Amino acid sequence: MESRAPLVVRWHALELDPPQAGASQVATVELENTGSATWRTRGDEDGLFLSYHWLDERGNPIVWDGPRTPLASPVEPETRTRLPLRLRAPIPPGRYRLAVDLVEEHRFWLAELGNEPLERELEIAPRDADGARVFLSDRAEPTPGWQEHVRQLHEEGYAAVGGALAAETGLLRRADAALEPYVPGGGRNPAFAHPLVCPSLLPPLEPNTEVAGLPAWRPEGDEPWIYDARATIRLRSRSGRRRG
């Protein structure tokens, strides 16, 4: 009798909605345990998890570690099951290869044991930006081209977009010290260490803090965000009077 390897998977189906850049969804994977060992997830970081990689057309990894999806219950040998897969599409839009696999956390991917991952070539569409909401104040006025630039960033895949702030200053008027990190100049900063002020947000995101009395969003969760200093908002003084 031929012996079976402990961890062997056979993939049967992958069901998902058309992916949009940066957006998340729950796909469905149908797979079968054709090895000799029972599959189990034990705790948050132990056992087998369903996950994925995003690869370019040449097989180079763009996103190596996708979110982990635990097994809801043990999967016995010779058992076929359907599992949800939490999936977030890559940025920017374009053509990618999705490679779904099982991972023994902190040890190996099953593909490293000789199993074939479940692969699909997918066209990632621009993210739908029609629901974007801009959170300004009566002091804030976007500069020309701001809305178009911010929409492009949303379509690229970012759920939250913020930019620079140009505050009125003068002989007797100083800019609020809290706004110093937002001085215009430069470009994108994906490691920006401050909240996005007067942001444009895709639902269900809402401002979760304030900076100098202005609505702001401090990055939380796993929604992709971007700070781009080329998108500038002018701030009038707190008196509300425009300079002559």
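The values are calculated or read from the model by the stated rules, or taken from the named source; none is laboratory data. Every value quoted in this text rests on a predicted model; they were computed, and no experiment measured them. Quick reminder, even Gly has a Cβ in these numbers, built from the backbone with ideal geometry, and neighbours come from all protein chains shown.
Based on what the data block shows, is R127 among the charged types (D, E, K, R), surrounded by 12 or more Cβ atoms within 10 Å (Cβ to Cβ) and assigned to a loop (DSSP other than H, G, I, E, B)? Considered against the rule, which asks whether it is among the charged types (D, E, K, R), surrounded by 12 or more Cβ atoms within 10 Å (Cβ to Cβ) and assigned to a loop (DSSP other than H, G, I, E, B), R127 comes out as yes.
Between E32, E57, the distinction of being of a type outside the set (A, V, I, L, M, F, W, C), part of a loop (DSSP other than H, G, I, E, B) and closer than 20 Å to L98 by Cβ belongs to E57 only. Within the stretch 95-103, not a single residue is surrounded by 14 or more Cβ atoms within 10 Å (Cβ to Cβ), touching a Phe, Trp or Tyr at 6+ places or on another chain (Cβ under 6 Å), modelled with pLDDT of 95 or more and part of a loop (DSSP other than H, G, I, E, B). Under the condition of being surrounded by 13 or more Cβ atoms within 10 Å (Cβ to Cβ) and over 14 Å from the mean Cα position of the chain (by Cα), which residue from the stretch 54-66 is farthest from G114 (Cα to Cα)? Taking the candidates together, the pick is D56.
Residue-level check: of (1) in contact (Cβ under 8 Å) with a residue 40 or more places away in the chain; (2) buried (at least 17 other Cβ atoms within 10 Å of the Cβ), D138 misses just (2). Say whether the condition of being small (G, A, S), at pLDDT below 95 and under 24 Å from the mean Cα position of the chain (by Cα) is met by at least one residue in the stretch 21-41. No: zero hits.
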